[in-house]
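Below is one structure; the comments refer to it alone.
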Amino acid sequence: MLEVNIQKALPDFLLKVAFSFANGITAILGPSGAGKTTLLQCIAGLVSPDEGFISLKGKVFYCSGEGVNLPARLRRVGYVFQDYALFPHMTVKQNAMYGVKGCKEKRGYRLSVIDVLEMLKVTHLQHRYPDELSGGEKQRVALARALMTEPDILLLDEPLSALDDYTRKQLRRELKELQGKWGIPFVMVTHNSEDVKYLADQALYLHEGKQYTLGQLRSASSTLVYLTR
Ligand SMILES: Nc1ncnc2c1ncn2[C@@H]1O[C@H](COP(=O)(O)OP(=O)(O)OP(=O)(O)O)[C@@H](O)[C@H]1O
């Protein structure tokens, strides 16, 4: 269970959200500049809220009342950035291994990089560099890097936005399967109503920092299309 109840002043408005999500895939929707990325960054520990509370499965990430602000590296949060943020001078395998280096023994990681690359169908690309990959392949490598750290939650910032329609549909299916296999919550920012209809178990709509809950999405597709346009 992810619990978030935070406030953060942004230049033009106050981001103020309070929700709790069980397992499954949660979509965060809303127009450009609504505060979606900032919300993900607060969960990941890359940005601090001004006040409030964030916890995952009872582990407190942030609590202004008690002065807790767990550093990002201790939160076990996987983050797939909007532009994938792969390291250009590292191969696919080195990119995938990046988050694991140095702390594998200490934190008892069990995953083999080859298994993860295999699962994401990029083993044959392991010696290539990011500029030798297609958009869909980069996305898979970014996912592999996030999963290699064995996160307790995966945050995805518009993971499918740079992809053509065919690849988008394929990766959408794979993300759904991956979430089922992995069994950790995924929180995904998207602008695409098809992504939401197909992938999301629940959704949160943000507009100028305020939240609107859409409830069960599959029965509300017309509202959803309206909201995401
Ligand atoms: N580092 C920053 N410094 C100052 N203002 C920022 C910073 N990052 C974001 N903002 C502002 O905070 C607001 C929310 O930004 P955020 O990136 O969270 O929106 P978003 O909903 O993810 O947008 P998009 O869909 O375009 O990615 C925007 O008005 C943005 O200009």
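Cross-link pairs exceeding 29 Å between alpha carbons, from the set K57/K197; K8/K93; K36/K169; K138/K197: K8/K93. The amide H of Y205, built 1.01 Å from its N in the peptide plane, has L29, Y212, T213, L214 as neighbours under 5 Å, considering only residues 5 or more places off or on other chains.
With viscosity 1.306 mPa s and temperature 10 °C, the Kirkwood radius over alpha carbon pairs of the chain converts through Stokes-Einstein to a diffusion coefficient of 88 µm²/s.
Evaluated at q = 0.16 Å⁻¹, the base-10 log of the normalised Debye intensity for the range 1-66, with identical point scatterers placed on the Cα atoms, takes the values -0.51.
No lab work stands behind these numbers, since they all come straight from the coordinates. These numbers come from a predicted model, not from an experiment.
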